[in-house]
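What follows is calculated from the coordinates using simple rules that are stated; it is not laboratory data. Nothing here was measured: the structure is a model prediction, and the numbers come from that model. When we count neighbours, we look across all protein chains shown, and the Cβ atoms used for this are built from the backbone with ideal geometry, even at glycine.
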């Protein structure tokens, strides 16, 4: 679920902020730019930004090149995506390590019939959050405490992103008005 929300946020940021995009890996040929300009004839610069943003999204999500793929299923790639495309530098908040564990748990739940694998052990060890019962072949059990921890950690992540998006002067339908 959090990956889908992050992807929606990223997509919206691309639509609304194409003019300030930082990524250097997105290339348009002249015909693509001409087509976008023709499609927005007599419309606003925001409409042109939206059209180019949509074309950028098509390029990003259809890329077969692993280095160009946008991924919101681990903390490092998420941080890299926001930094590369919008210059947003997520600070190393404590909850990011726990989010890393939550995403690794999700991987086991979805892809391994809830069984811990070596990938989980290796990845969770990197952030120092392996628990005594975390052994290859054992089952992931999500307790109420674990669920609430994940909810709080993701809430903190989205709040931090909201602040950084505001500080960067970016537009988004997902941005909350700060009081």
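Explain nothing, just the number: relative contact order of segment 45-101, from Cα pairs under 8 Å at least 6 residues apart, as a whole percent. Numbers along the way, then the final one.
Details: 24 pairs, mean separation 11.2, N = 57.
The normalised contact order for segment 45-101 reaches 20 percent.
Quick check on the chain: helices-only [θ] at 222 nm, where DSSP H runs of length 4 and up contribute -39,500 (n - 2.57) each and the sum goes over total residues. Nearest 500, please. Mind showing how you got there, number by number?
Working: 7 runs with 106 residues, N = 179.
Helix contribution divided over all residues of the chain: -19500 deg cm²/dmol.
So how do 90-102, 139-151 stack up, highest first, on mean other-Cβ count within 10 Å?
Values: 90-102: 16.9, 139-151: 12.5.
Ranking, from highest mean packing down: 90-102, 139-151.
Just one of (i) 16.5, 53; (ii) 19.0, 64; (iii) 21.2, 73 is Rg and Dmax of the Cα atoms in Å calculated from these coordinates, so which is it?
Matching the structure shown: (ii).
Using Cα pairs closer than 8 Å and at least 6 residues apart in sequence, work out the relative contact order for segment 44-175, in percent. Spell out each step's value before the answer.
On the way: 95 pairs, mean separation 26.3, N = 132.
The normalised contact order for segment 44-175 reaches 20 percent.
Run the quick spin-label model on residue 4 and residue 65: label points 7 Å from Cα toward the beta carbon, then report their separation in nm to one decimal.
3.0
Quick one: helix 75-86 against the long Cα principal axis of the chain, what's the angle to the nearest 10°, folded into 0 to 90?
10
So if R0 is 30 Å, what FRET efficiency would residue 93 and residue 143 give, r being the distance between their Cβ atoms, rounded to the nearest 0.05? Mind dumping the intermediate values first?
Details: r = 23 Å, r/R0 = 0.77.
With a Förster radius of 30 Å, E is 0.85.
Could you give the length gained by full extension between residue 54 and residue 126, i.e. 0.36 nm per residue of separation minus their alpha carbon distance, to one decimal place? Provide the component values of the computation, followed by the final result.
Numbers: separation 72, 0.36 × 72 = 25.92 nm, distance 3.61 nm.
Stretched out fully, the residue 54 to residue 126 stretch lengthens by 22.3 nm.
Starting with the fewest neighbours, write out 35, 49 ranked by other beta-carbon atoms found within 10 Å of each beta-carbon. Before the final figure, lay out each step's value.
Values: 35 14, 49 21.
Arranged by neighbour count, lowest to highest, 35, 49 become 35, 49.
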